[in-house]
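The values are calculated or read from the model by the stated rules, or taken from the named source; none is laboratory data. Nothing here was measured: the structure is a model prediction, and the numbers come from that model. Because the Cβ atoms are built from the backbone with ideal geometry, glycine has one as well, and the counts that use them run over all protein chains shown. Side chains included, ligands, DNA and RNA excluded: accessible areas come from the protein's heavy atoms. Shrake-Rupley method; radii C 1.70, N 1.55, O 1.52, S 1.80 Å.
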Amino acid sequence: MKLTHLITVAALAGSAVLSGCTPHPLFPPQVMEKVSPTFHFEAWRDAPPSNEAGKTDAGHTVELGGRIVQASKNGKGIVIVAEQLPIVKHPVYGPTEDVKRTGDYEFAFLYPGEIDPQDLRNGNRFIIVGTTTSRRPVMVHGVPKTEPFLVAACIHVWRTGRAEIEEFKESIGGGDTTLPEKTYCVTKGK
């Protein structure tokens, strides 16, 4: 085999291995193009109403990670109450509780579409892209609360229960389980 062919084969093999290590985009590019790169959850959560109508910092397209606390259907879709979690890239991509922090990180969102009930179970991890709105009243385990609220355009769910995503390993013959995951996006016009 000629040296140039050997280099070409090695380069192709290396790029195939590396492309398998990078996470594929969860959401379509048109959904991600307006995501605010400077959004801070804590500032949004703590923002006082900015006018008499009780509107908070609304209208920003954001990406948030979290853990489902509860989910319920209403006439417009599914309202999910969640705990915000940081999105990490290592050791695996996704939201994690492996970060020391204190305070209240609860928020709620509406997904105006259908989601498999298995994906709505308490503890499942998710990443959403949506638009912030004003605070909204929600019931959390039978207690009325007013939460920071957004409307989701897309949600990606990992069926983790209360486990970390990294606890699920994909190995051939290793006996570990593959983590079920799915992306949902609302079509325009809903």
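Structure summary
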| item | result |
| --- | --- |
| Positive minus negative residues near His156 (Lys, Arg vs Asp, Glu; Cβ under 14 Å) | 0 |
| Accessible area of the range 84-173 belonging to carbon and sulfur atoms, whole % at 1.4 Å probe | 54 percent |
| Ranked order, Lys145, Lys76 - accessible area, probe 1.4 Å, largest first | Lys76, Lys145 |
| Cβ-based net charge around Lys182, under 14 Å, with every Lys or Arg adding one and every Asp or Glu removing one | -1 |
